[in-house]
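Below is one structure, written out as structure tokens; the observations come after it.
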Amino acid sequence: MVLDRKSPPVIHDAIEFDFKLPPINNRLLENGVPLWWLDAGVQDLVQIDWIFPAGLWFEHRPSVAQATAGLLKNGTSKHTAAQINEALEFYGAQLKTTAGNDYATITLYSLTRHLPSLLPMVYEIITDAVFPEEEVAIHKQNAIQKLMVNLRQCEFVANQQIDALLFGEAHPYGRYSKKENIELLTREDLVTFFKASYNLADVKIFMAGKVGDKEVNYVNDVFGKLLLQKTIREPQSFTTPPITSRIHKFANDPNGVQGAIRIGRMFPNRHHPDYTPMFVLNTLFGGYFGSRLMSNIREDKGFTYGIYSGITPELKGGSIVIQTETGRDVVDAAIKEIYHEMNVLCNEVASDEELLLVKNFLLGNLLGDLDGPFSILQRWRTLILNGFTENHFYNNINIYKTITPKELQLLAQKYYVPDNFYEVVVI
């Protein structure tokens, strides 16, 4: 067949494509631990996530959740932190431990063939972390030093203050690190939180890569034998205090030449019917490089290198926050333009061409997310941890494809009302 080099190939919009979420396998280990796994790899690689209800929502005192996650692999009753790190390096593996607002996650990246050697080590860490006193002391020292450096940066302080303003400092989603809280941490605090929060009866395991029944059996042989008893926890509830003032300004560096702007409001989580349509609208407003905020405040006015609006969904609520850093002399002018763009969204219907560009951007990114086992696993993780099925994925695709400019305007009139937003400015 001779190629026709005189006619360009037909270009298709992403909106025209059909999307298919590869199915995920699910089984219970012998002791009832749920495992979801995806065989979608061509390389001899695997990612395994152990996800526990051990985020900030569950901590009994500030800073303990992140400290516990950070020190998980720093020693067991059988191996020191150095020995654990040497073993990981020997097998060319990586083990990450993080704590977020709702969950703590332990992630292993490894060659598939090394799982029989590495899984017992991860099991030992999860069931037998001892948090040596010297490791706790080093962690506290490093955490305080890092915090002191970060507090000099106006953008770091602004991020702290907008969350505290929206949710309240006592709320897990509004809580932020303080030097005195880190100093008060003890080994006993970490041990108590570890025993209450890292129970294998409460874990969800996710695995993807070049894996099959053999690798699933490896996981079962290590994590499926221990008899389990569910953790009994008293349900916690938190209230958000009423906000008395809409505008908050902080002087952080008298010699600073830059100001950090955060403009935010509360917003429902992924279960609300407005979440996905608002994700489209927020993308148009400030969610990508071609957004209105970027076109106006970066490209036209030259006030900033970048400005973005993001929706942050948590299990029990969320927020919309617009964020940017500008020269301190144009902070007020930038804020004025942000509210101007909100008013335009509310009062004028977007063009079909602009909305098509946004739809192609969202769906094009989604195509990338469906290319590769680890990104597909992340997509499934989000669905499962939020209690969704694959139908939710396809419903979102349909909304991306079919939402109209008029529907976006009605959403803007509901959620992008300037008087409903709160400002934090840190200079």
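Only the coordinates and a few stated rules stand behind these numbers; no lab work does. Keep in mind it's a predicted model, so treat the numbers as computed, not measured. Methodologically, a virtual Cβ is constructed for each residue, glycine included, from the backbone with ideal geometry; neighbour enumeration extends over all protein chains shown.
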| query | Which whole-Hz couplings ³J(HN,Hα) result when phi for each residue of region 252-261 is put into the Karplus expression 6.51 cos²θ - 1.76 cosθ + 1.60, θ = phi - 60°, listed in order with x for Gly and Pro? | reply | 9, 9, x, 9, x, 9, 10, x, 9, 10
| note | Any GluC sites (Glu not before Pro) in region 1-91 that lie in a DSSP loop and have at most 13 other Cβ atoms within 10 Å would be E30
| task | Work out how much length T240 to R27 would gain on full extension: take 0.36 nm times their residue separation and subtract the Cα-Cα distance, in nm to one decimal. | result | 72.8 nm
| With θ set to phi - 60° and the Karplus curve 6.51 cos²θ - 1.76 cosθ + 1.60, what are the ³J(HN,Hα) couplings of region 132-138 in order, to the nearest whole Hz, using x for Gly and Pro? | x, 3, 5, 6, 4, 4, 5
| remark: The ³J(HN,Hα) series, computed from each phi in region 403-414 with the Karplus coefficients 6.51, -1.76 and 1.60 at θ = phi - 60°, rounded to the nearest Hz and given as x for glycine or proline, is 4, 10, x, 5, 4, 5, 4, 5, 5, 4, 5, 8
| request: Show the residues, 5+ positions off or on another chain, whose built amide H is closer than 5 Å to the amide H of L45. | output: T112, K210
| field | Local electrostatic count, T76, Cβ distance below 15 Å [Lys/Arg +1, Asp/Glu -1] | value | -2
| query | What pairs in K301/K401; K249/K406; K195/K225; K249/K316 have C-alpha atoms more than 24 Å from each other? | reply | K301/K401; K249/K406; K249/K316
| task | Kindly list the residues of region 15-57 that lie in the label zone of Y394, defined by a backbone N under 18 Å from the point 7 Å along the Cα-to-C-beta vector. | result | 16-25
| task | Report the chymotrypsin sites (Phe, Trp or Tyr not before Pro) located in region 212-319 that are in a DSSP loop and have at most 12 other Cβ atoms inside 10 Å of their Cβ, or state none. | result | F289, Y305
| remark: As a percent rounded to 5, the proportion of antiparallel DSSP bridges among beta bridges in the chain is 85
